[in-house]
Structures are given as C-alpha cells and as structure tokens.
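Novice: Got a structure for you, written out below as structure tokens; questions coming shortly.
The values are calculated or read from the model by the stated rules, or taken from the named source; none is laboratory data. Computed from a predicted model, the values in this text were never measured in an experiment. Here the Cβ positions follow ideal geometry from the backbone for every residue, glycine too, while neighbour counts run over all protein chains shown.
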Amino acid sequence: MFHLAFFIYFEMAAFIVSLLTYRALKGTAFRLFPFFLLFIVATELIGTYMTYILRLRNNSWLFNITTTLEYIFYAHIFSLTLRDPAFKTMARRFMAIYPMVVLLNLLFVQGFTEFHSYTVVLGSLFMIILCCLFFYELLLNPLEGELRKVPMFWISTGILFFHLGDLSFDLLFNLLKNDATGKEFFSSINNNLILILYSCFIIAFLCQRSLVKSLSH
C-alpha cells in the first residue's frame, strides 16, 4: 500500500465538485472540466503507482504528456472566455503550435525520458499572459455584480498564481534535478501551489452553480 500526496486529495475534491455541479457547467466554457480533472487524477494515481509499487525511477514521459495537455486545455478555456478576437486567436494558435514545439523539444533537445522543462517554461509564460489578458479585459469592461462571484475570475486567479510560483521551479529544474535538498524545497512550493489552483477551481464551480440558480429564479 502507498500513501497519496496531500495535493492529490485536492485534485480529487475538484473532480467530485465538478461532477456535483455539472448541470451548471454544461453549455458553458467549463463543460469539459470534469473530464479534464478525471484525466489529471488518473495520471497522478498512475504516476504514484509507478513510483511506489513498480519502483520505476523515471515517469517523466507520463507527466510530459499530462502537462502538455494541461496547457492546451487551459488555452482552450481562455479561447472561449476572452472577448477580444485577437486574444482568442492567440489562444487558439498556442493550442495548435505548442504540441509541435513540445514534440521537437522531446525529439531533438531534452529527450522523451527527461522532463520537458524548457517547453514547460514556455507554457507557463503563455498561461501567465492569457491570465493577464483576461484581467486586462476586466479592467476595460467591468462585469456587473461582485467579482468574487464570477467563475472565470477564480479560474484565472488559480492559473495565474500557480504558474507565477511554478515558473521559478521550471526555470531552475535542470540545475536542481540532481540537488535533493533544492528539489525537495521547490517541490513543496509546487505542491502548495497545486492546493491554491484546485481550491480556486472548486470555488469557480460553486460560483457557476450559484449563478445558474440565480438566473433560474
């Protein structure tokens, strides 16, 4: 038997809440979230099983796939929620180009058995840009009602905080991968950022349900 990292329970909680609120998520930009979160939880469980049961030292290939799809999914959400056509096009182009850049990196630079830290940095930077574009649009066109009740505000906040914090680890990954102390320190930071990210997702789903209920009355 193996223990699960604490942040995995937050990912599971976000998945469960997305299922419970799915009626409110259907027909919105967030309708694919339950499937995405199921994929994330499954990947974490498989990765943990590979590490603690199969005793495999390298599961980088698994998380190379996961992180790539994660960036594409977030860009998809922004392509549906950003208002400016130019910003929408930017998100869609990222979705098309980023997988090819990752593949080129894995083929010719870092290899499939190494974590693709170079293209993760690129993905994190682009997520930060998309979040900033969302908040820029909020400044130009303030939404009616309380901002804390807007689902996309929480999703963008979670993605922004996570990738701002995680970027330092991504940038230093190649230096720290052989430094156990440094890697453990930054991994603990990353794990806490995951708690923030999925907590924001949970709040967003609950806000969406409240929004749907208020519109139905």
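Novice: For region 123-145, what are the residues that are surrounded by fewer than 19 Cβ atoms within 10 Å (Cβ to Cβ) and in a helix (DSSP H, G or I)?
Specialist: Going through region 123-145, the residues surrounded by fewer than 19 Cβ atoms within 10 Å (Cβ to Cβ) turn out to be 125, 128-129, 132, 135-145.
Those that are surrounded by fewer than 19 Cβ atoms within 10 Å (Cβ to Cβ) and in a helix (DSSP H, G or I): Leu125, Ile128, Ile129, Cys132, Phe135, Tyr136, Glu137, Leu138, Leu139, Leu140.
Residues are listed down the side, and each one gets a yes or a no for (1) closer than 19 Å to His116 by Cα; (2) part of a loop (DSSP other than H, G, I, E, B); (3) not charged (D, E, K, R):
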{"position": "Ile16", "(1), (2), (3)": "no, no, yes"}
{"position": "Pro34", "(1), (2), (3)": "no, no, yes"}
{"position": "Ile40", "(1), (2), (3)": "yes, no, yes"}
{"position": "Thr43", "(1), (2), (3)": "yes, no, yes"}
{"position": "Phe63", "(1), (2), (3)": "yes, no, yes"}
{"position": "Glu70", "(1), (2), (3)": "yes, no, no"}
{"position": "Leu80", "(1), (2), (3)": "no, no, yes"}
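Novice: In addition: Surrounded by 17 or more Cβ atoms within 10 Å (Cβ to Cβ), modelled with pLDDT under 95 and not in a helix (DSSP H, G or I): does that describe Phe30? Quick ask: steps written out before the conclusion?
Specialist: On the way: surrounded by 17 or more Cβ atoms within 10 Å (Cβ to Cβ): yes; modelled with pLDDT under 95: no; not in a helix (DSSP H, G or I): yes.
Considered against the rule, which asks whether it is surrounded by 17 or more Cβ atoms within 10 Å (Cβ to Cβ), modelled with pLDDT under 95 and not in a helix (DSSP H, G or I), Phe30 comes out as no.
Novice: Can you list residue pairs whose Cβ atoms sit under 8 Å apart, with the first residue in region 37-48 being closer than 10 Å to Glu11 by Cβ and the second being part of a helix (DSSP H, G or I) and of a type outside the set (A, V, I, L, M, F, W, C)? Count only pairs 6 or more apart in sequence or on different chains.
Specialist: Listed by first residue and then by second, the contacts come to Leu37/Glu11; Leu37/Ser18; Ile40/Glu11; Ile40/Thr66; Ile40/Glu70; Val41/Glu11; Thr43/Thr66; Glu44/Glu11.
Novice: How about region 100-127: which of its residues are without any contact (Cβ under 8 Å) to a residue 12 or more places away in the chain and in contact with a Lys or Arg (Cβ under 9 Å, 6 or more places away or on another chain)? Step through it out loud before you land on a result.
Specialist: Taking region 100-127 first, the residues without any contact (Cβ under 8 Å) to a residue 12 or more places away in the chain are 100, 103-104, 107-111.
Result: no residue meets the conditions.
Novice: Taking interchain pairs and intrachain pairs at least six residues apart, which have beta carbon atoms under 6 angstrom, with the first residue in region 128-154 and without any contact (Cβ under 8 Å) to a residue 12 or more places away in the chain and the second of a type in the set (A, V, I, L, M) and not in a helix (DSSP H, G or I)?
Specialist: From residues that are without any contact (Cβ under 8 Å) to a residue 12 or more places away in the chain, the pairs are Leu143/Val150.
Novice: Out of region 47-61, which residues are surrounded by 14 or more Cβ atoms within 10 Å (Cβ to Cβ) and not in a loop (DSSP other than H, G, I, E, B)? I'd like the intermediate steps shown before the answer.
Specialist: Keep residues of region 47-61 that are surrounded by 14 or more Cβ atoms within 10 Å (Cβ to Cβ), which gives 47-48, 50-51, 59-61.
Scanning region 47-61 gives Gly47, Thr48, Met50, Thr51, Ser60, Trp61.
Novice: Any chance you could count how many residues in region 141-192 are modelled with pLDDT under 90, more than 18 Å from the chain's Cα centre (by Cα) and of a type in the set (A, V, I, L, M)?
Specialist: Residues in region 141-192 being modelled with pLDDT under 90, more than 18 Å from the chain's Cα centre (by Cα) and of a type in the set (A, V, I, L, M): 6 in total.
Novice: Something else about it: Could you list all residues from region 112-146 that are small (Gly, Ala, Ser) and farther than 19 Å from Phe73 by Cα? It would help to see each step written out before you state the result.
Specialist: Taking region 112-146 and keeping what is small (Gly, Ala, Ser), we get 117, 123-124, 145.
If the condition is that a residue be small (Gly, Ala, Ser) and farther than 19 Å from Phe73 by Cα, then Gly145 is the only one that fits.
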